[in-house]
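A.B. asks: Dropping the structure in here first, questions after.
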Amino acid sequence: MSQFWKPGTEKPRLVDDEEGGVLFFTPSPSFSSGYGYASIEKQRQRLPVYKYRTAILYLVDTHATTIIVGETGSGKTTQIPQYLKEAGWADGGRVIVCTQPRRLAVQSVASRVAEEMGVKLGEEVGYTIRFEDVSNPDVTRVKFLTDGVLLREMMDDPLLTKYSVIMVDEAHERSTSTDILLGLLKKIQRRRPELRLIISSATIEARLMSDFFRRSKKRRDHESDEPGPQVEPAILSVEGRGFNVEINYAEEPAPDYVQAAVSTVLLIHEREPAGDILVFLTGQDDIDAAVQLLTEEVRTNGKKSSGFIVLPLYSGLPRADQELVFSPTPRGKRKVVISTNIAETSLTLEGIVYVVDSGFSKQRFYNPISDIENLVMVPISRASARQRAGRAGRVRPGKCYRLYTEEYFLKHMSDAAIPEIQRSNLVSCIIQLKALGIDNILGFDWPASPSPEAMIRALEVLYSLGVLDDDAKLISPTGFQMAEIPLDPMISKMIIASNQFGCSEEIITIAAVLSIQSIWVSARGIQREMDEAKLRFAAAEGDHVTFLNIYKGFLQSGKSSQWCHKNFINYHSMKKVLEIRGQLKRIAQRIGIALKSCESDVQVVRKAVTAGFFANACRLEAYSHNGMYKTIRGSQEVYIHPSSVLFRVNPKWVIYTSLVSTDKQYMRNVSTIDPSWLMEAAPHFYQQQRPHHLH
Ligand code: CDP
Ligand code: MG
């Protein structure tokens, strides 16, 4: 095992101004004594935010918008909603609501707050995430939800009249939904002077937010004389943090961060006292690889590395498996959680003492010129690095091991990530705004404007999907149906189209498979065996029909994990497919789609896929063992990914539903199509724009 830390660097480093002093702090006496044993009330009073309770309540009372900045672990998320409740903001049937960018965080903070308030989750304190509502409109007074869910609630209640205070938490993450929400909340504020907003985060650029809420307050005349809160946003900075987190940097950049992460875990296990480890990698594939390496280590090197419990954590895992990370670690064992950035903010995993940070995450990037969006592995920002380190030190002091050098952190990492809205395809975002009656998308007041090219591209696609009319207004019923489905609009369109093709059962299965990263096991060095396994299910029509074969096989095996193992299929992923499939079935039924199977007529399945993903059609341009394709729409060079069953088959016309970019752009889930289907699916898109391409 290689050595990553220069001898001596394991010693605590002191407060360092360039680091912003963010994670280094000397615990005050009240912090360092007896953590973990105090009563909940005592614990609450110890949190840094407690000293600001009166100030926060005063500011919220007197200002329309309050921006609260405080270090991770200072108590913002769990305490502020309770202070508001105690101060009467939930009296008279009103509700205090707090948004989070991630589902897992919503559930975990809601259950913590319910516990602190001594109430049953789902009653006075509740939560709502996509597909799951654990709240009761009659009794829930403090509610946690994802910002996406709050946006959807606006479709029924555009002014969000139920809510007295809306706290937009973790605003620094700048997810697309957070940004849209901020734009809309600013509008709502003008109509509801009694509404209060709190924008909170650990590392938010408070000025930027404050400028946004102050800027161009075009106050209408009738508003100017109304008594009301101050329009100028208040900014409050909460001083003080959780426990001390000692930062260690790698001496040299690691050539293979998965291997480096695994070695670091083993090193910690060997040298450091008890305490769980949280490792940040980028996605299902590298997490599965790390889990495998660690498991092997335990097997081959029994004694030294015994006592591990290795748990993966990513969004494609079934819920029950995700929840394992919250379960207490048995005595004498060490839990190692290997996660994507879903554990980066908001979560408190109580046993975590050590954090290992690879320095990378997968991010969405969209290029409006080529009209290609993919997930790219990129270095994280300093803000993310601090959040990651902050996952240690929430209930006791901790240590963070960064698998990159200090110089890299200081000189090469960006301060904060680019807001998601500036690097995503906007189709989904525009459909939501349109459904809310915001027609002038270009004139919308964004915290950060998306590019006009991206907007035009999105409007074009929506027009072709049959969702917008000639005046770019949303038309029913397809448009509103699509706005109802909380999925990528192309998947939604595919589901809606399956109704007419009589294959909704099959398409819902495909949609479920597409919403997770991969259903194959990802392990190193077994490529040949995997390829053989794939052949057992491979369909000449491509990957989507292959998914149906696999799903059928899984059901016939009685959902057996051995069957999955034998066929190199990821059992967790298949369970997740079942879970999502169930949710999608309910949605389909709600919007009036009849559940129907096309049995063995798989042509209609591909037609339905085409109805959603027509914009991703490609034609073979150069024959070779892995032929070069060009997208019809942007004439971009793309290739079939080696994991596709159509790799090296090179059919003339294909359609893809996901793309990955490494050295080249690879289409990952691919089906053969007949080009005439494109005309049927999107006549405007293909006939009027580029007729010569379809011959
Ligand atoms: O939002 P912020 O990062 O400021 O802090 P928080 O999520 O409100 O959590 C504040 C503190 O409450 C954590 O640092 C933990 O000490 C404690 N907490 C906990 O012990 N268990 C939880 N499930 C949640 C919070
Ligand atoms: Mg928080």
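A.B. asks: Among the residues of region 155-176 satisfying the criterion of being hydroxyl-bearing (Ser, Thr, Tyr) and closer than 22 Å to Asp415 by Cβ, which is nearest to ligand 2 (Cβ to nearest atom)? I'd like the intermediate steps shown before the answer.
C.D. replies: Step one: list which residues in region 155-176 are hydroxyl-bearing (Ser, Thr, Tyr), which gives 161, 163-164, 175-176.
If we keep only those that are closer than 22 Å to Asp415 by Cβ as well, we get 175-176.
Details: Ser175: 14, Thr176: 20 Å.
In this case the residue turns out to be Ser175.
A.B. asks: From the list Val106, Val60, Val134, Val95, which one is in contact (Cβ under 8 Å) with a residue 24 or more places away in the chain and within 15 Å of ligand 2 (Cβ to nearest atom)?
C.D. replies: Numbers: Val60 fails: within 15 Å of ligand 2 (Cβ to nearest atom); Val134 fails: within 15 Å of ligand 2 (Cβ to nearest atom); Val95 fails: within 15 Å of ligand 2 (Cβ to nearest atom).
Matching residue, one of Val106, Val60, Val134, Val95: Val106.
A.B. asks: Six or more apart or on different chains, Cβ under 9 Å: which pairs go from a residue in region 375-397 that's of a type in the set (D, E, K, R) and assigned to a helix (DSSP H, G or I) to one that's open to solvent by 30 Å² or more (accessible area, probe 1.4 Å) and away from ligand 2 (no atom under 16 Å from the Cβ)? Could you list them?
C.D. replies: Every condition considered, the pairs that remain are Arg382/Gly20; Arg382/Leu410; Arg382/Ser414; Arg382/Asp415; Arg382/Ala416; Arg386/Gly20.
A.B. asks: Continuing with this model, one more query. Condition first: charged (D, E, K, R) and open to solvent by 20 Å² or more (accessible area, probe 1.4 Å). Now tell me which residues in region 147-173 satisfy that. Full working, then the answer.
C.D. replies: Going residue by residue through region 147-173, those that are charged (D, E, K, R) are 147, 152-153, 156-157, 162, 169-170, 173.
Residues satisfying the conditions are Arg152, Glu153, Asp156, Asp157, Lys162, Glu173.
A.B. asks: Does Phe360 count as farther than 27 Å from Gly75 by Cβ and modelled with pLDDT under 90? Let's see the steps before the verdict.
C.D. replies: Values: farther than 27 Å from Gly75 by Cβ: yes; modelled with pLDDT under 90: no.
When the stated conditions are applied, Phe360 does not pass them.
A.B. asks: While we're here: Return the residues of region 63-74 that are open to solvent by 10 Å² or more (accessible area, probe 1.4 Å) and within 16 Å of ligand 2 (Cβ to nearest atom); say none if nothing qualifies. Even if it seems obvious, please write down each step before you answer.
C.D. replies: Our first condition is that a residue be open to solvent by 10 Å² or more (accessible area, probe 1.4 Å); within region 63-74, this holds for 63-64, 69, 71-73.
Matches in region 63-74: Val69, Glu71, Thr72, Gly73.
A.B. asks: Look through Gly582, Gly634, Gly592, Gly612 and report the one residue that is under 30 Å from the mean Cα position of the chain (by Cα) and on the phi > 0 side of the Ramachandran plot.
C.D. replies: Numbers: Gly582 fails: on the phi > 0 side of the Ramachandran plot; Gly634 fails: on the phi > 0 side of the Ramachandran plot; Gly612 fails: on the phi > 0 side of the Ramachandran plot.
Criteria check complete, one pass: Gly592.
A.B. asks: Turning to a different aspect of this structure: Sort through Gly558, Gly553 and tell me the only one that's over 28 Å from Lys652 (Cβ atoms), assigned to a helix (DSSP H, G or I) and either at pLDDT 95 or above or hydroxyl-bearing (Ser, Thr, Tyr) (or both). I'd like the intermediate steps shown before the answer.
C.D. replies: Details: Gly558 fails: assigned to a helix (DSSP H, G or I).
Of Gly558, Gly553, the one residue that is over 28 Å from Lys652 (Cβ atoms), assigned to a helix (DSSP H, G or I) and either at pLDDT 95 or above or hydroxyl-bearing (Ser, Thr, Tyr) (or both) is Gly553.
A.B. asks: In region 318-343, which residue that is of a type in the set (S, T, N, Q) and outside any loop (DSSP other than H, G, I, E, B) is most open to solvent (accessible area, probe 1.4 Å)? Walk me through how you get there before you give the answer.
C.D. replies: Taking region 318-343 first, the residues of a type in the set (S, T, N, Q) are 322, 327, 329, 339-341.
Adding the requirement that they be outside any loop (DSSP other than H, G, I, E, B) leaves 322, 339, 341.
Working: Gln322: 15, Ser339: 0, Asn341: 36 Å².
Residue satisfying both the conditions and the ranking: Asn341.
A.B. asks: Sticking with this structure for a sec: With the structure loaded, tell me whether Leu84 is open to solvent by less than 50 Å² (accessible area, probe 1.4 Å), at pLDDT below 95 and within 16 Å of ligand 2 (Cβ to nearest atom) or whether it fails that test.
C.D. replies: Numbers: open to solvent by less than 50 Å² (accessible area, probe 1.4 Å): yes; at pLDDT below 95: no; within 16 Å of ligand 2 (Cβ to nearest atom): yes.
No; evaluated as a whole, the condition is false for this residue.
A.B. asks: Follow-up. Have a look at Asp133, Asp179 and point out the one that is part of a strand (DSSP E or B) and either more than 16 Å from ligand 1 (Cβ to nearest atom) or charged (D, E, K, R) (or both).
C.D. replies: Being part of a strand (DSSP E or B) and either more than 16 Å from ligand 1 (Cβ to nearest atom) or charged (D, E, K, R) (or both) holds for just one of Asp133, Asp179, which is Asp133.
A.B. asks: Name the single residue that is surrounded by the most Cβ atoms within 10 Å (Cβ to Cβ) among those in region 464-509 being of a type in the set (Gly, Ala, Ser) and farther than 16 Å from Val604 by Cα. If you could, list the steps in order and put the result at the bottom.
C.D. replies: Going residue by residue through region 464-509, those that are of a type in the set (Gly, Ala, Ser) are 464, 466, 472, 476, 479, 483, 492, 497-498, 502, 504.
Going one step further and asking which of them are farther than 16 Å from Val604 by Cα, we end up with 464, 466, 472, 476, 479, 483, 492.
On the way: Ser464: 20, Gly466: 19, Ala472: 14, Ser476: 10, Gly479: 21, Ala483: 22, Ser492: 25.
Only one residue fits best here, namely Ser492.
A.B. asks: When you go through Glu205, Glu226 one by one, which is the residue that is away from ligand 1 (no atom under 16 Å from the Cβ), at pLDDT below 85, touching a Pro at 6+ places or on another chain (Cβ under 8 Å) and open to solvent by 20 Å² or more (accessible area, probe 1.4 Å)? Steps first, please.
C.D. replies: Values: Glu205 fails: touching a Pro at 6+ places or on another chain (Cβ under 8 Å).
Testing whether each residue is away from ligand 1 (no atom under 16 Å from the Cβ), at pLDDT below 85, touching a Pro at 6+ places or on another chain (Cβ under 8 Å) and open to solvent by 20 Å² or more (accessible area, probe 1.4 Å) leaves just Glu226.
A.B. asks: Then there is this: Looking at (1) open to solvent by less than 60 Å² (accessible area, probe 1.4 Å); (2) closer than 22 Å to Ile519 by Cβ, can you tell me which one Ser600 breaks?
C.D. replies: With respect to (1) open to solvent by less than 60 Å² (accessible area, probe 1.4 Å); (2) closer than 22 Å to Ile519 by Cβ, Ser600 is out only on (1).
A.B. asks: Considering region 349-374 alone, what residues qualify as being in a loop (DSSP other than H, G, I, E, B) and either under 30 Å from Ser635 (Cβ atoms) or in contact with a Phe, Trp or Tyr (Cβ under 9 Å, 6 or more places away or on another chain) (or both)?
C.D. replies: Of all residues in region 349-374, those in a loop (DSSP other than H, G, I, E, B) come to 349-351, 358-359, 368-371.
Listed by number, the residues that qualify are Leu349, Glu350, Ser358, Gly359, Pro368, Ile369, Ser370, Asp371.
A.B. asks: List pairs: first in region 192-216 and closer than 19 Å to Gly240 by Cα, second more than 16 Å from ligand 2 (Cβ to nearest atom) and open to solvent by 60 Å² or more (accessible area, probe 1.4 Å), Cβ under 6 Å, 6+ apart or cross-chain?
C.D. replies: Correct list of pairs: Ala206/Ile235.
A.B. asks: Output the number of residues of region 59-87 satisfying the condition of being assigned to a loop (DSSP other than H, G, I, E, B) and out of contact with any Lys or Arg (no Cβ under 8 Å at 6 or more places or on another chain).
C.D. replies: Initial filter on region 59-87 (assigned to a loop (DSSP other than H, G, I, E, B)): 64, 71-75, 87.
Narrowing further to those that are out of contact with any Lys or Arg (no Cβ under 8 Å at 6 or more places or on another chain): 87.
Of the residues in that region, 1 qualify.
A.B. asks: I would also like to ask the following. Report yes if some residue within region 310-317 is among the β-branched types (Val, Ile, Thr), part of a strand (DSSP E or B) and either open to solvent by less than 10 Å² (accessible area, probe 1.4 Å) or modelled with pLDDT of 90 or more (or both); otherwise report no.
C.D. replies: Within region 310-317, the subset among the β-branched types (Val, Ile, Thr) is 310.
Cutting the leftovers down to part of a strand (DSSP E or B) gives us 310.
Now restrict to residues that are either open to solvent by less than 10 Å² (accessible area, probe 1.4 Å) or modelled with pLDDT of 90 or more (or both): 310.
Within region 310-317, one or more residues are among the β-branched types (Val, Ile, Thr), part of a strand (DSSP E or B) and either open to solvent by less than 10 Å² (accessible area, probe 1.4 Å) or modelled with pLDDT of 90 or more (or both).
A.B. asks: Sticking with this structure for a sec: Picking from Ile475, Ile516, which residue would you name as being among the aliphatic types (A, V, I, L, M) and out of contact with any strand residue (DSSP E or B) (no Cβ under 7 Å at 6 or more places or on another chain)?
C.D. replies: Details: Ile475 fails: out of contact with any strand residue (DSSP E or B) (no Cβ under 7 Å at 6 or more places or on another chain).
None of the other options fit; the residue is Ile516.
A.B. asks: Picking from Glu71, Glu86, which residue would you name as being free of Cβ contacts under 8 Å to residues at least 40 places away in the same chain and either within 16 Å of ligand 1 (Cβ to nearest atom) or hydrophobic (A, V, I, L, M, F, W, C) (or both)? Before you say what the answer is, go through the steps one by one.
C.D. replies: Details: Glu71 fails: free of Cβ contacts under 8 Å to residues at least 40 places away in the same chain.
It is Glu86.
A.B. asks: Among the residues of region 623-640, are any in contact with an Asp or Glu (Cβ under 7 Å, 6 or more places away or on another chain), surrounded by fewer than 22 Cβ atoms within 10 Å (Cβ to Cβ) and of a type outside the set (Lys, Arg)?
C.D. replies: Yes; the residues of region 623-640 include at least one that is in contact with an Asp or Glu (Cβ under 7 Å, 6 or more places away or on another chain), surrounded by fewer than 22 Cβ atoms within 10 Å (Cβ to Cβ) and of a type outside the set (Lys, Arg).
A.B. asks: So, of the residues in region 32-58 that are at pLDDT below 50 and near ligand 1 (Cβ under 10 Å from one of its atoms), which turns out to be farthest from Glu115 (Cα to Cα)?
C.D. replies: First, pick out the residues of region 32-58 that are at pLDDT below 50: 32-36.
Next, from what is left, pick out any that are near ligand 1 (Cβ under 10 Å from one of its atoms): 35-36.
Numbers: Tyr35: 18, Gly36: 15 Å.
Among them, the one singled out is Tyr35.
A.B. asks: Further, regarding this structure: Output yes when any residue across region 466-473 is β-branched (Val, Ile, Thr) and in a loop (DSSP other than H, G, I, E, B), and no when none is.
C.D. replies: At the first step, the residues of region 466-473 found to be β-branched (Val, Ile, Thr) are 467.
Of the ones still in play, those that are also in a loop (DSSP other than H, G, I, E, B) are 467.
So far as region 466-473 goes, yes, one or more of its residues are β-branched (Val, Ile, Thr) and in a loop (DSSP other than H, G, I, E, B).
The values are calculated or read from the model by the stated rules, or taken from the named source; none is laboratory data. Just so it is clear, the structure is predicted and the values come from calculations on it, not from any experiment. We place every Cβ from the backbone using ideal geometry, glycine too, and count neighbours over all the protein chains shown. Heads up: the accessible areas ignore ligands, DNA and RNA and are worked out on the full protein's heavy atoms, side chains in. Shrake-Rupley method; radii C 1.70, N 1.55, O 1.52, S 1.80 Å.
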